[in-house]
Every structure is written in C-alpha cells, then in structure tokens.
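Q: One structure follows; several queries about it will come next.
The values are calculated or read from the model by the stated rules, or taken from the named source; none is laboratory data. Please read all numbers here as calculations on a predicted model, not as lab measurements. Cβ placement follows ideal geometry from the backbone for every residue including glycine, while neighbour counts extend to all protein chains displayed.
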Amino acid sequence: MFNLNYIEPVFRPPSEWQSLILQVTNGCSWNECTYCEMYQDTQKQFNFKSETEISQELQSIKQSGTQVKRIFLADGDAMTLSYRRLELILQQINQVFPELQRVTAYCLPRNVSNKTVSELADLREKGLSMVYVGIESGSDEVLARVKKGETYLSSKNALQKLHDAGIKTSVMVLNGLGGQTLSQQHVSDTAALMNETQPHYLSTLVVSFPRGEARFRNAFPDYVAMNRTELFSELHDFIAQLSLQRTIFRSDHASNWLPLKGTLPKDQQAMLANLKMAIDSPESINLRPEYMRGL
C-alpha cells in the first residue's frame, strides 16, 4: 500500500474514476469564479508540490507494486504550471510507469496562453493526452458576471491551440449559468463557440450552490434562477444549435436531472426528443431523483 499526501478535498472528473489522482498543485490559481465552491476552504489556498515530493510519491506507488494505467493531475488547474515543470513531472511519471496509457488534467483557458503549440505538443508526446476545460459559457456578459476571467476569444484561442498540439479537449458548460435573463445569449454564444472549436468531448452540468447563493449574487445581483423545466428548455435549445462533426456528448454528471449520452451529430435528434419529453411530460421519463443530485 502507498500513501499520497493529499490536501483534502480532492476533486476529479467522473470519467477519471479508474485513474490514480496525483496532486501536483493544491487549489486553483484563479479561484475567483463565483459559481465554484470547490477550493474555498482555507487549506485549499493555491500552491504547488515540489519536484522532490512528487518524485517520492511516485516511487512510493512503484514500490507498492500497484499497476497504474491512467493518471489525473490534480488539483483545479495543474496546467497553470510552467511548461518546464509539467515536462519534468511527465518525465518522472514515464520513468516510473512505462506502461502508462494516458495523463489528463483540468485546464483553464488562461493556462494555455503562456505555452506555445510546440511546447503543448511536446507535453502530448510525453503522455498528456487530454485536458478538461471549464468553458462554462461562450457569452462574454455571463462570463463577466460570474468573474470567470475569460472571454469567448480567450476560450476559443485556448481550444484551438490545444487542438493544434494534438491534445484532446473535454469541454464543460454550465446549464443555467446566465439565469432567466441571460439564458438566450448564454445558449447562442456557447453553441457558437462549440461549433467554432469542435471539442472532442462536451459535457453539461447544472449550476448549483450547496453552500448558498450569497457569494454568487454579490457579483450577479439580478440573477433569476431557472426551474427544472426552464433548464431542460435551455439545454434543448443549446443542443439544437450545435453543429458538431464528431463530438461525444454527456450530461450524466450528478447535477443533471436527465442523463444524456451520445455522439453528435448522430444522436442529436434522439437527445432532443428526450429533452422534449422531459419538458412536456416529465412523469413519463426516468429523471434522477432530487436526493441523488449533487456535485
């Protein structure tokens, strides 16, 4: 058995449930997004682990005899590390686990701006095959209201640079982030961004506030929350406006009432039909019970 020095809580994407979680940073370097509560605890103040500590943890895993096929680099944006540090971490990982299949990480669009396509391509060659990019919205107004610190253009540039480097992108969008008032532009601008950048994977989560809405509303005081039917309608409109060539879509995160899975455009009409049924006759469709929803 091995012991990793985690600073809790540690988060990962649902699809990384079989991966070794290697915490190379703690918290989030931006940590201003008002909808995100993941790194608000005192012990989650942003920092990064030393190369020595990471090496010791990797050796501990190796000595335990554990077979590692996948590694997820935590925390919130390990990609904020410089190209040099990421290169060294990947080199260490490859030395310890030559049988490794892939390395993944969360990635803010701003994390890509200070790395060249050549540097990103080198990280890809060393095993970084995919990153999870929290776009949340393509609307500049919505992004400003929630203090994302990104724009349509910064997100577009980041996704295109990652694609040029051969790194797959799994993009996350927040259903309901603009509320009733900004829903239409949230949908249209986000769909336009997705159509322009063609992500490999696309998932939607429902915006929620387990710790209350005070922090969110301080920056977005006129926010009007959407009920379940309105959220279904927004998601229906979003999917209807997508023109994706070959993107795997998921809305199976625990925050969603209606789990959807498919490949766009092949399964687009089937997903729209399911959403229409959820809107018109929710009692006839298998929705996730409220007690099972969460982050």
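Q: Of the residues LEU108, LEU123, only one is within 21 Å of HIS200 (Cβ to Cβ), at pLDDT 95 or above and in contact with a Ser or Thr (Cβ under 9 Å, 6 or more places away or on another chain); which?
A: Just a single option satisfies the conditions, and that option is LEU108.
Q: Now for a separate question. Spot the failing condition for MET38; the list is (1) among the hydrophobic types (A, V, I, L, M, F, W, C); (2) out of contact with any Ser or Thr (no Cβ under 9 Å at 6 or more places or on another chain); (3) under 25 Å from ILE167 (Cα atoms), and only one is missed.
A: Status for MET38: all satisfied but (3).
Q: Which pairs do you get when a residue that is farther than 12 Å from GLN59 by Cβ, found in the range 92-105, comes within reach of a residue that is basic (Lys, Arg), reach meaning Cβ atoms under 6 angstrom, with the pair 6+ apart or on two chains?
A: Listed pairs, sorted by first residue: GLN101/LYS69; GLN101/ARG70; ARG102/ARG70.
Q: Filter the range 171-201 down to residues that are more than 17 Å from ASP77 (Cα to Cα) and under 17 Å from the mean Cα position of the chain (by Cα), then give me how many there are.
A: 13
Q: Go through (1) more than 22 Å from ASN3 (Cβ to Cβ); (2) out of contact with any strand residue (DSSP E or B) (no Cβ under 6 Å at 6 or more places or on another chain); (3) surrounded by 14 or more Cβ atoms within 10 Å (Cβ to Cβ); (4) not aromatic (Phe, Trp, Tyr) and name the single condition ILE61 misses.
A: Against the list (1) more than 22 Å from ASN3 (Cβ to Cβ); (2) out of contact with any strand residue (DSSP E or B) (no Cβ under 6 Å at 6 or more places or on another chain); (3) surrounded by 14 or more Cβ atoms within 10 Å (Cβ to Cβ); (4) not aromatic (Phe, Trp, Tyr), ILE61 comes up short only on (1).
Q: So which pairs qualify, if the first residue must be in the range 34-59 and more than 25 Å from GLN92 (Cα to Cα), the second must be in a helix (DSSP H, G or I) and of a type in the set (A, V, I, L, M), the Cβ gap must be under 6 Å, and the two must be at least 6 apart or on different chains?
A: Here the result reads THR34/ALA219, each pair linking the range 34-59 to a residue that is in a helix (DSSP H, G or I) and of a type in the set (A, V, I, L, M).
Q: Looking only at the range 91-139, how many residues end up being in a strand (DSSP E or B), buried (at least 17 other Cβ atoms within 10 Å of the Cβ) and among the charged types (D, E, K, R)?
A: So the count comes out to 1.
Q: Which residue out of LEU231, LEU264, LEU202 is in contact with a helix residue (DSSP H, G or I) (Cβ under 7 Å, 6 or more places away or on another chain) and in contact (Cβ under 8 Å) with a residue 12 or more places away in the chain? Break it down stepwise before answering.
A: Details: LEU231 fails: in contact with a helix residue (DSSP H, G or I) (Cβ under 7 Å, 6 or more places away or on another chain); LEU264 fails: in contact with a helix residue (DSSP H, G or I) (Cβ under 7 Å, 6 or more places away or on another chain).
Just a single option satisfies the conditions, and that option is LEU202.
Q: Sticking with this one: Restricting to the range 155-211, count the residues that are farther than 16 Å from PHE249 by Cβ and assigned to a loop (DSSP other than H, G, I, E, B).
A: Result for the range 155-211: 11.
Q: While we're on this one: Please work out which one of (1) buried (at least 20 other Cβ atoms within 10 Å of the Cβ); (2) assigned to a helix (DSSP H, G or I); (3) of a type outside the set (S, T, N, Q); (4) over 21 Å from the mean Cα position of the chain (by Cα) is the condition ILE279 fails and give its number.
A: Among (1) buried (at least 20 other Cβ atoms within 10 Å of the Cβ); (2) assigned to a helix (DSSP H, G or I); (3) of a type outside the set (S, T, N, Q); (4) over 21 Å from the mean Cα position of the chain (by Cα), ILE279 violates only (1).
Q: Which condition breaks for LYS168 when tested against (1) within 18 Å of the chain's Cα centre (by Cα); (2) in contact (Cβ under 8 Å) with a residue 40 or more places away in the chain?
A: Condition (2) is where LYS168 drops out.
Q: For the range 218-243: of the residues being surrounded by 20 or more Cβ atoms within 10 Å (Cβ to Cβ) and among the aliphatic types (A, V, I, L, M), which is farthest from LEU182 (Cα to Cα)?
A: ILE239
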